[in-house]
Every structure is written in C-alpha cells, then in structure tokens.
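Shown next, in structure tokens, is the structure this report addresses.
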Amino acid sequence: MEIFLYSFSVMYSPGPVNAMGLNAGLVGQFRRTVGFFLGVGFAMFVLFIVFGYTGEALISKAILPYLTLIGGGYTGYLAYKVYTSKVSFPDRAEGVTETELKTLTFWNGFLIQALNPKGMMVVLPVTTVMFPAAQITGILISVVSALIAIAGAGAPAIYSLLGALIGSRITKSSHFDTFNRLMGFILAICACFMLYDFFLHFHKG
C-alpha cells in the first residue's frame, strides 16, 4: 500500500508533466492529447520495468545529473512553445476555438516523463527499496509497474480535464493567451530547478 501512496503523492503533485496536461485542457485539446497521456504512462512503465529488474546496476548515480540536464533543457523547450502559442476564436457563434499550439503527442509525453527527475523520484525509491521490502519479484514487478504506470497516465489526464472544465467557461482568446504564458512560465521555473540541481551537483563535487 505504501508503494501506491508514495507514487500517487509524487505523480499527482504539480510538475512539468501535469502543467502540460492542464494547459492542453485549458486550450480545448483534452481529447486530442490522449496520446500524450499514454506516452507518460508508457514512460513510467518502461522506467519501472528497467529499474525494477536491474535496480541501480544499469544507470549509475553519476549519470543521473546528466539526465537532469537533458530533462531541464527539454522542459525549457516546451516552456517556450507553450509561452509563445496563440489562441484565436474564428467563429464566435459556433464557440469553436483554434489554437496554434501543437497537439501534444505520445512521444512528447514519453520524453518529458522519461527525462523528468520527478519521475526518477518515484521509480528509484520504489524499485530499489520498496519492491524488495514488499517481496515484489518476478512477474509481480511487471504487474505493479503496470498499475503505477496507469496511475501515472491518469495524473496529467486529470489535470487536463480540470483545465477543460475551466477553459469551457472562458470566451475570450486573450484569457487563453494569458493561461499559456502562465503555464509556460511555470514550466520555465521547473526547467530552472532541474538545471539548478545539475549545477549544484557539480558545485558540491
């Protein structure tokens, strides 16, 4: 039980992945970003399978800072794309929104989650400490990993749904532009924290 409680508490807290999901919902792309949610879940599943069966043997702690650097750079790129996106209402009578923000894809979700240090915060303690303590071995690793991955995909989906509920009450494109800039700013802050962790590691070293 503590495995799921720990995983849920980390995965459902605010972060770059959930911010992307929220923004997609706000700009009316909830249904079009299902692939993004699946990519997030699949990335979690792959990470849990890899580390669940190999522990820390495959990737040493010395490599993790570089993963943080790559993740910070990718998050910064997404922050720029979100911040500079525009939303327009070509036909007010139909109430249809069109956005220049590219629809989030499966691979967007997979990459941002695979390179997200927050994801590692879930995977490493669970696979190296909690799995052995709960005697989760063999096929059980795959089963539990799949359940956590499904929950991982649900986190940005729920944020996106909340964004869709809020966004449906907004009728001015300028409001969406403001939300895009706010979400882009939040993602930029996440990227800065990742890069700070990278430089702090070498400063201590």
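At R0 = 35 Å, how high is the FRET efficiency between Arg31 and Thr128 if r is their beta carbon distance? Nearest 0.05 is fine.
E(calc), rounded to 0.05, equals 0.40.
Using 7 Å Cα-to-Cβ label points, what is the Val46/Met121 separation (nm, one decimal)?
Result for the modelled spin labels: 2.2 nm.
Calculate the FRET efficiency for Leu182 and Thr137 from the Cβ-Cβ distance with a Förster distance of 30 Å, rounded to the nearest 0.05.
Efficiency, from the Cβ-Cβ distance: 0.10.
Would you mind ranking Val46, Val144, Val126 so that the residue whose beta carbon has the fewest other beta carbons within 10 Å leads the list?
Val46, Val144, Val126
Sort Leu200, Leu38 so that the residue with the fewest other Cβ atoms within 10 Å of its own Cβ comes first and the one with the most comes last.
Result, fewest neighbours first: Leu200, Leu38.
Can you sort Ser168, Ser13, Ser7 by how many other beta carbons sit within 10 Å, fewest first?
By the 10 Å Cβ count, ascending, the order reads Ser13, Ser168, Ser7.
Per 0.36 nm of contour for each residue apart, how much would the distance between Arg169 and Tyr77 grow if the chain were fully extended, relative to their Cα-Cα spacing?
Full-extension gain reported as 30.2 nm.
Net charge within 15 Å of Phe185 by Cβ-Cβ distance, Lys/Arg positive one each and Asp/Glu negative one each, not counting Phe185 itself?
Result for the neighbourhood of Phe185: +1.
All of the numbers you see were taken from the coordinates with simple rules; none came from a lab. Just so it is clear, the model here is predicted, and its values are computed rather than measured. Cβ: placed from backbone, ideal geometry, glycine included. Neighbour counts: every protein chain shown.
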